[in-house]
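Worksheet: one structure, shown below.
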Amino acid sequence: RMDERAAKREIWIRPLLVWAALCILLAATCTLSYVPMGEANVVVALAIAALKAGLVGVVFMRLFENNALNRLAAATGPIWVFIMFLLMGSDYFTR
């Protein structure tokens, strides 16, 4: 009985901590949008966005597990974005 409670608690701890971290990063993004930092605003916003995407990928997509199918599915997103920008750039530069 005690092991069941510990297992249920363990299942909920990591997602709740990541959710809290995502909420804090969201608040940081919203707060920093009003801070005039010049060119650094974009850099900081992209860094926070990359951190949020990394947290979601590692915890909720379970990329920390040794499962090749999860990693393959996660890798297809950036590949398709690269293809999209490549095709968009080829259309733009040929006009």
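Within the set of pairs 6 or more residues apart or between chains, which connect a residue that is of a type in the set (A, V, I, L, M, F, W, C) inside the range 10-37 to a residue that is open to solvent by 60 Å² or more (accessible area, probe 1.4 Å) with Cβ atoms less than 9 Å apart?
VAL18/VAL58; VAL18/PHE60; ALA21/LEU51; LEU25/LEU51; MET37/VAL43
Kindly list, by first and then second residue, each pair from a residue in the range 59-70 that is closer than 22 Å to TRP19 by Cβ to a residue that is among the acidic types (Asp, Glu) and modelled with pLDDT under 85, limited to pairs with Cβ atoms under 8 Å and residues at least 6 apart or on different chains.
none
Looking only at the range 26-71, which residues are within 21 Å of ILE11 (Cα to Cα) and acidic (Asp, Glu)?
GLU65
The values are calculated or read from the model by the stated rules, or taken from the named source; none is laboratory data. Please read all numbers here as calculations on a predicted model, not as lab measurements. Note that each Cβ is placed from the backbone with ideal geometry, even for glycine, and that neighbours are counted across all protein chains shown. Quick note on the areas: whole protein, heavy atoms, side chains included, nothing else; ligands and nucleic acids left out. Shrake-Rupley method; radii C 1.70, N 1.55, O 1.52, S 1.80 Å.
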